[in-house]
Each structure stands twice: as structure tokens, then as C-alpha cells.
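A.B. asks: Quick one: this structure, given as C-alpha cells, is what I'll be asking you about.
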Amino acid sequence: MENNLGGGIPSQLGQLSKLGSLMLSSINVSGTVPASLYNISSLEELSISANQLHGRLPAGLGSTLPNLQNFYVGANRFGGPIPSSLANASGLVSIDIDTNYFIGPMPLNLGTLRDIEYLNFVDNLLGQSYESNNLKNFIDCLSNSSNLAFLDLDRNSLEFSEKFLQPPELCYKMALPHQVMETVNSNIIMQEEEERSRRDQLAKALN
């Protein structure tokens, strides 16, 4: 059930120094997030999705929230870059920033998050005005994220290379921009056909 509290998030919440979980999703709060909330170092879950919040995430977010495991800020009006310091919260399992106005490149050091299972970056402005933000670089950085089960990068401004020929295994379980998936799928088909042809030739040579 959706609540409708309205107003802003009280800065006094930042005084709850032993708080482990803060759930403020879908309560119609607006304005910016008090800086004090980002300093509750005990927080393991922060959920402020589906509100009318705006502003930028602090550059040192992952350093001031080192115990963070689940981070949900989707469906708001946040902007600016994704803080690379998120990787400092090494126990992160879920990051959901969908439907905002985040810009710039995706931090490649997110690939160091060994426990990450869920990344939802859909419907932002990621990659816009950053010509070097090649999608393949980000996919490559996730090659050691063996627990990753969900990745959605659709509806952004990401660039990709036509040399995106051998995607990692996780490509089979993620949502990429449509033009990338067309490339990936056609390359998978091509590789399968080449493998069948190679086997046929080998079988003929053995007969």
C-alpha cells in the first residue's frame, strides 16, 4: 500500500546512528536528501525509491555507507554522475537507480563488487556526451561478478562497438540496449553456424 506523507525527509533521521535499514519508498516525499542520512555508517539497506527527490548523490557515498548492501533510489529525479565510491561499499548486493537523470560513464570499479546480484540502471542519461564510454568496457569489468543475476542498461545513451563479438556468459541474462542485443544475437547465431560447419568438416575428414 502506498503512503502519502509528503514534505521532505527529516534530517533528524541522521541521528539514528545504529539504524540498519531505512525504507522510505513511495511516500511522496520531495526535495533533496539530508546529508545526515548518507552518514549513517550502520545502514545496510537504503530505499528511497518512487518519490520526488532530486539532487546529486554524494561523491563519497560508498565511503560514508561502508556497510550498505541494498541501495534503491529509482523513480526519482536524481542527476549527476554515479559515484565511483559506491565500490567502497564492498558488500553491495543490489543497486537500483532506474528512471532518474544520472549522466556520465558507468564506474568501471563496480566490477570489484564480488557479491553484486542486481544492477538496474534503466532509463537514465548514462553515456550522454561521453564518447569514450564504450559499453563493452563496462561489460568486461563485470566479468568477475559471478553472482550477477540481473543487469538492465536499456534506455540510456550508451555507445557500443561493432567488435562486441564475444559477450561474456552474463549477456544471456541481461537487458542491453536493443541495438546491442541485435548485434549480440546475430553474433551468437554466426558463431553457432561456424561451429556446426567446423564439426561437419571434421566429420567428413574422419570418414
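A.B. asks: If you filter the stretch 1-99 for GluC sites (Glu not before Pro), then keep DSSP loop positions with at most 12 other Cβ within 10 Å, what is left?
C.D. replies: In loop regions of the stretch 1-99 (DSSP not H, G, I, E or B), the sparsely surrounded GluC sites (Glu not before Pro) are 2.
A.B. asks: What Kirkwood hydrodynamic radius, in Å, does the stretch 61-125 give when the mean of 1/r is taken over all pairs of distinct Cα atoms and then inverted?
C.D. replies: Evaluated over the stretch 61-125, this radius sits at 11.7 Å.
A.B. asks: Taking R0 as 25 Å, what's the FRET efficiency between residue 36 and residue 115 from their Cβ-Cβ distance, rounded to 0.05?
C.D. replies: For residue 36 and residue 115, the calculated efficiency is 0.40.
A.B. asks: Given +1 on the Cβ of Lys and Arg, -1 on the Cβ of Asp and Glu, and no further charges, what dipole in debye does the stretch 11-165 carry about its Cα centre, rounded to the nearest 20?
C.D. replies: 380
A.B. asks: Please find the FRET efficiency linking residue 136 to residue 23, where r is the Cβ-Cβ separation and R0 is fixed at 45 Å, and quote it to the nearest 0.05.
C.D. replies: It comes to 0.80.
A.B. asks: Using θ = phi - 60° and the Karplus curve 6.51 cos²θ - 1.76 cosθ + 1.60, what whole-Hz ³J(HN,Hα) does each residue of the stretch 84-94 get, with Gly and Pro shown as x?
C.D. replies: 5, 5, 3, 5, 6, 7, 5, x, 4, 10, 9
A.B. asks: Can I ask one more? Per Stokes-Einstein, at 37 °C and 0.692 mPa s, what whole-number D in µm² s⁻¹ belongs to the stretch 11-165, with the Kirkwood radius over Cα pairs as the hydrodynamic radius?
C.D. replies: D, rounded to a whole number, is 208 µm²/s.
No value in this document is a laboratory result; all are computed from the given coordinates. As the structure is a prediction and not an experimental result, all values here were calculated from the model. Glycine gets a Cβ as well: all are built from the backbone with ideal geometry, and neighbour counts include every protein chain shown.
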